[in-house]
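The values are calculated or read from the model by the stated rules, or taken from the named source; none is laboratory data. Not measured: the values here are computed from a predicted model. Cβ placement follows ideal geometry from the backbone for every residue including glycine, while neighbour counts extend to all protein chains displayed. Side chains included, ligands, DNA and RNA excluded: accessible areas come from the protein's heavy atoms. Shrake-Rupley method; radii C 1.70, N 1.55, O 1.52, S 1.80 Å.
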Amino acid sequence: MGNREKLLAGARRCLEEKGYLRTTVRDIATASGVSMAAIGYHFGSREALLNQVLFAAMEEWGEEFGGASGDFEELWAGKIRSFEEHRWLWLASVEAFVHAQSSPELLALLAAGQREGRRGSAAQLQGLPEGEVAEEDVRTLGSVHMALLSGVMVQWLTDPQAAPDAREIAAGLRALAERVDPDARR
């Protein structure tokens, strides 16, 4: 394993253990067994390295859950499990969103990731390949599902005992749909 790969692995460990904002250059160098200068040489900055690791982890998560379609409650039960199993990833992503408010480069990366996430969410819910999803569905179905994902994730990170489970999420969406369109009752 070369220094670049060691830095990626060390930065991943640091993200898992310390989070995005508390991970220092020294932490990464220590975890990877590589000099602090190597971070600048290979990645340009601590932030660039952490961003690469964070986005790779988000992509892994997307691949793990992106193909699952079918029953809505089963889909959400899996997402909720991921809030527990990959807690570090969700906390690091929240920290990155906060940090992005003072980092135009990170903000642009996160915005691009959200655009991809909306399309992926719409595709997953419709059981379609991403390239076949209509833009209207990306903007509506994908956007609402991403908002739901973010909101439920924050509830699970903050107060898991009171956060909604998959059945409650589905019931809440049905009740909301009835408020939006009273003729939607089944």
* Can you tell which of ARG167, ARG115 is modelled with pLDDT of 95 or more, part of a helix (DSSP H, G or I) and basic (Lys, Arg)? -> ARG167
* Asked: Among (1) part of a helix (DSSP H, G or I); (2) more than 30 Å from VAL152 (Cβ to Cβ); (3) not β-branched (Val, Ile, Thr), which single condition is TRP61 missing?
  -> (2)
* To do: Would you check if there is a residue in the stretch 124-140 being part of a helix (DSSP H, G or I), over 23 Å from TRP156 (Cβ atoms), open to solvent by less than 50 Å² (accessible area, probe 1.4 Å) and free of Cβ contacts under 8 Å to residues at least 12 places away in the same chain?
  => no
* Which number in (1) in contact with a helix residue (DSSP H, G or I) (Cβ under 7 Å, 6 or more places away or on another chain); (2) surrounded by fewer than 19 Cβ atoms within 10 Å (Cβ to Cβ); (3) within 13 Å of TRP76 (Cα to Cα) marks the one condition that SER121 misses? -> (2)
* Asked: Can you tell me which residues in the stretch 2-49 are open to solvent by 40 Å² or more (accessible area, probe 1.4 Å) and at positive phi?
  -> GLY33, GLY44
* Asked: Looking at (1) modelled with pLDDT under 95; (2) open to solvent by 60 Å² or more (accessible area, probe 1.4 Å), which is the only condition GLY66 fails?
  -> (2)
* Would you mind telling me which numbered condition in (1) assigned to a helix (DSSP H, G or I); (2) open to solvent by 70 Å² or more (accessible area, probe 1.4 Å) LYS79 fails? => (2)
* Structure fact -> When the stretch 141-162 is checked residue by residue, the ones that are touching a residue at least 24 places away in the same chain (Cβ under 8 Å) and either among the charged types (D, E, K, R) or part of a loop (DSSP other than H, G, I, E, B) (or both) are PRO160
